[in-house]
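Each remark here refers to the structure printed beneath this line.
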């Protein structure tokens with residue numbers, strides 16, 4: 001009897017449009033556009049992290065966040081490679097001007113493996129947001145590149 005109620009409830013919720021609680025796939029979590037006609041833009045992030053001597057740092061966690069008012073599942077997490085570089089072609093954001101209050105947090109999470117470095121948070125003005133493709137004059141505002149190049153201080 002209990003199983004029948006679960007099937008009925010699942011069918012009813014499906015008919016009402018409740019398809020997922022997963023923030024990656026829901027209409028508010030950045031898994032896609034919320035509705036037809038929503039303003040949107042494409043973002044990519046590229047960057048480089050070096051030590052004070054100018055050598056690249058591998059294994060730095062890079063958390064890209066569009067702003068303090070956004071839920072944590074909007075954040076994108078990347079890691080620097082052997083050249084100290086990180087890149088992601090498509091971030092989760094859909095709204096234009098997401099990075100007016102955004103941050104790029106750089107954190108050493110691998111311990112002593114590649115040296116120890118202090119955490120650094122880049123805010124507007126510390127990274128560059130540049131439009132790389134014009135919008136269509138309608139809902140699509142174009143493509144944007146976020147470039148963050150910085151040095152991390154050694155931890156004591």
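A few notes on this one:
- Among the residues of the range 141-153, the one identified as more than 19 Å from the chain's Cα centre (by Cα) and either at pLDDT below 90 or loosely packed, with under 15 Cβ neighbours inside 10 Å (or both) is 153.
- Output for the range 72-93, where each listed residue is more than 11 Å from the chain's Cα centre (by Cα) and either at pLDDT below 90 or outside any strand (DSSP E or B) (or both): 80, 81, 82, 83, 84
- Listing of strands (runs of 3 or more DSSP E) fully contained in the range 104-156 that carry 3 or more residues being free of Cβ contacts under 8 Å to residues at least 40 places away in the same chain: 120-123, 128-134
- Scanning the range 128-140 for residues being over 18 Å from the mean Cα position of the chain (by Cα) and surrounded by 15 or more Cβ atoms within 10 Å (Cβ to Cβ) gives a total of 2.
The values are calculated or read from the model by the stated rules, or taken from the named source; none is laboratory data. For clarity, every value in this text was computed on a predicted model and none was experimentally measured. Because the Cβ atoms are built from the backbone with ideal geometry, glycine has one as well, and the counts that use them run over all protein chains shown.
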